Each structure stands twice: as C-alpha cells, then as structure tokens.
Amino acid sequence: MPIRFASKPGLVAYITVGDPDLATTHNIAIAAIDAGADVLELGVPFSDPLADGPVIQRASERAVKNGTRLHDVLALAAALRLERPQTGLIIFTYYNPVLRFGLENFCAAAEQAGVDGVLVTDMIVEEAGDYLAALHRHRLAPIFLAAPTSPDDRLERICAASQGFVYAISRLGITGTRASLESDAEQLVRRLRRFTKLPIAVGFGISNPEQFAAVGEFADAAAIGSALVATIEQAGPKDAPSSIARFISGLRGGIREPAVPAR
C-alpha cells in the first residue's frame with residue numbers, strides 16, 4: 001500500500017536513533033511528528049556509513065558509542081506506533097545490521113513493532129529476491145533509492161519492486177545539505193512517473209523552506225535528513241526536540257496544508 005502524505009509536499013524526516021541518546025531520540029521523534037512530519041525514517045547507526053555525509057556520519061558514530069543497536073531502533077518504533085499510530089514509520093539502514101540480526105528475525109520483529117516499511121541503502125533491486133520475499137511475508141513495504149543516472153529499464157524495476165513510496169535521489173554523492181536544489185531531481189521524478197503511481201519523495205540536500213516548496217511543485221514529498229541531524233547536533237540534548245519542532249514548522253511557515261491524496 002502507498003503511504004499517504006497529509007500535505008503537499010509531504011515530509012519524510014530522518015533521524016539517527018541513539019543520537020544524542022535513546023531518550024532524547026524518542027522526544028525528538030514525537031516533536032517531529034507533532035510539528036508535521038508525515039513519515040519518520042528511523043536511522044540504524046552503523047560503524048561504516050559510506051553513503052552518508054559528515055553530519056550523519058558523526059551522528060552514527062555518537063549513537064554507536066552509546067551502544068545503540070538495531071533492537072533499540074525496533075523498540076523505539078514500537079513505542080511510536082502506540083503513541084502516534086497514524087505516522088509512517090520506516091527503518092532506514094545498511095544491510096549489515098539486518099544480516100547480523102537475521103533477515104527473517106528482523107522482518108518479524110519489524111512487523112510486530114508496527115513498522116510500515118524498510119529502506120536498505122545498499123540493497124540493489126537486482127539482488128533483492130530473498131529480501132523482497134521476506135518483507136512481503138511480513139507486510140513490510142520495500143523502499144528503494146532511484147538515482148538520476150539509472151537507465152529507464154532499471155527505474156522500471158525499482159518502481160515494480162517498491163511499495164509505500166519511491167525515494168528519488170536529487171543528486172549523486174553522499175547525503176548533506178546544499179544551497180540549491182539540483183535540476184536533475186525534477187527530471188528524475190518525471191521519468192519515475194512513467195512507471196509508478198506510488199508517491200515519490202525527493203531527498204539528498206533539501207534543507208530550507210524554499211527547497212521544500214520547490215520539491216512540492218513536482219513531487220509528492222521531500223525527505224530531509226542532514227539538516228535535521230545538524231539541528232540536533234547544534235542544539236544539544238535539552239533543546240533538540242524544540243529545535244526540531246521549530247525547524248519542521250518553519251518549512252511550511254507553521255501552517256499545515258489540506259490533505260492531498262497520493263498519486
């Protein structure tokens with residue numbers, strides 16, 4: 001089933017679980033939801049986050065040092081599902097933690113926690129047969145990354161394998177904020193529309209209200225990570241939840257727009 005966003009554009013908000021600590025992450029998550037995040041990507045800290053820029057790398061390092069593990073992320077998801085049942089919850093991870101946990105065990109635990117979907121950054125659709133079968137058995141939506149450099153036949157395979165939404169990478173390279181939105185993003189969304197009716201979220205580099213609004217002109221949602229993680233880092237544990245709430249409210253000037261059905 002597609003994830004439906006309450007506003008246009010919808011907001012997919014990424015946080016690294018365990019940064020700065022688990023209790024604060026819980027409060028940050030609640031603040032983000034209440035301020036307008038439609039979907040939370042709960043990032044599993046990993047010791048070698050190659051696809052991430054320095055901001056998320058530092059957050060992952062802090063969370064790993066705190067002892068945060070995949071089971072902690074699943075426990076947070078279960079708590080959020082009870083407290084904010086309408087929020088979309090995505091586990092965002094590299095494959096190594098899932099492999100160590102056990103694919104079937106992970107999927108069963110994620111289903112029990114009330115998780116909606118899973119995004120494994122280094123899982124490619126061409127090698128995802130067993131992975132997809134396990135997710136389907138446990139009613140978890142697979143979400144894949146689609147890059148501007150992918151040929152159309154690969155985008156078609158990604159769209160066919162995806163559920164929930166498709167994550168369109170706005171540019172090549174690692175995560176991180178950018179001063180302007182890449183022009184490739186709109187073209188990629190147009191190409192993806194040929195192959196799917198799922199919502200399309202654009203991510204990598206979105207960091208301010210202008211970029212957020214620009215994404216809404218051609219996509220269903222914006223995915224924001226590094227800007228949120230940097231806000232948490234700068235604010236510190238005490239002020240992080242309120243700082244995140246202000247940041248998210250500021251993306252729309254504090255005003256929620258009328259609901260727009262997913263395409």
Pull out a ≥ b ≥ c, the square roots of the eigenvalues of the alpha-carbon gyration tensor of region 50-134, then state rounded if a/c is under 1.5, prolate if not and a/b is larger than b/c, and oblate in the remaining case.
oblate
Placing +1 on each Lys and Arg Cβ and -1 on each Asp and Glu Cβ in the chain, then taking the dipole about the Cα centre, the residue among ILE200, GLY102, GLN86 whose Cα reaches farthest towards the positive end is GLN86
Where does the Debye-calculated log10 I(q)/I(0) of the chain sit at q = 0.09, 0.11, 0.14, 0.15 Å⁻¹, using only Cα point scatterers of equal weight, no solvent?
-0.34, -0.52, -0.90, -1.05
Highest GNM mean-square fluctuation, the chain, Cα pairs closer than 10 Å: which of ARG246, ARG58, ARG137?
ARG137
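Would you calculate, for the chain, the mean residue ellipticity at 222 nm contributed by helices, counting each DSSP H stretch of 4 or more residues as -39,500 (n - 2.57) and dividing by all residues, to the nearest 500?
Estimated from H runs of four or more residues: -14000 deg cm²/dmol.
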Using only the Cα atoms of region 1-75, build the gyration tensor, take square roots of its eigenvalues as a ≥ b ≥ c, and label the shape rounded, prolate or oblate: rounded if a/c is under 1.5, else prolate if a/b is larger than b/c, else oblate.
prolate
So if I place +1 on the C-beta of Lys and Arg and -1 on the C-beta of Asp and Glu, and nothing else carries charge, what would the dipole magnitude of the chain be about its Cα centre? I want it in debye, nearest 20.
480 debye
Using θ = phi - 60° and the Karplus relation 6.51 cos²θ - 1.76 cosθ + 1.60, list the HN-Hα couplings for region 100-116 in order, rounded to whole Hz, with x at every Gly or Pro.
5, 5, x, 4, 5, 4, 4, 4, 5, 5, 5, 4, 5, 6, x, 5, 8
Most mobile of PRO151, PRO142, PRO241 per a Gaussian network model of the chain (Cα springs, under 10 Å)?
PRO151
Determine ³J(HN,Hα), in whole Hz, for all residues of region 29-35 in sequence, where each value follows from phi through the Karplus function 6.51 cos²θ - 1.76 cosθ + 1.60 and θ = phi - 60°; x replaces Gly and Pro.
4, 4, 4, 5, 4, 5, 7
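Just so you know, all these numbers are worked out from the coordinates, no wet-lab data involved. Everything numeric in this text was worked out from a predicted model, so none of it was measured. Counting neighbours? That spans all protein chains shown, and the Cβs are built from the backbone with ideal geometry, glycine included.
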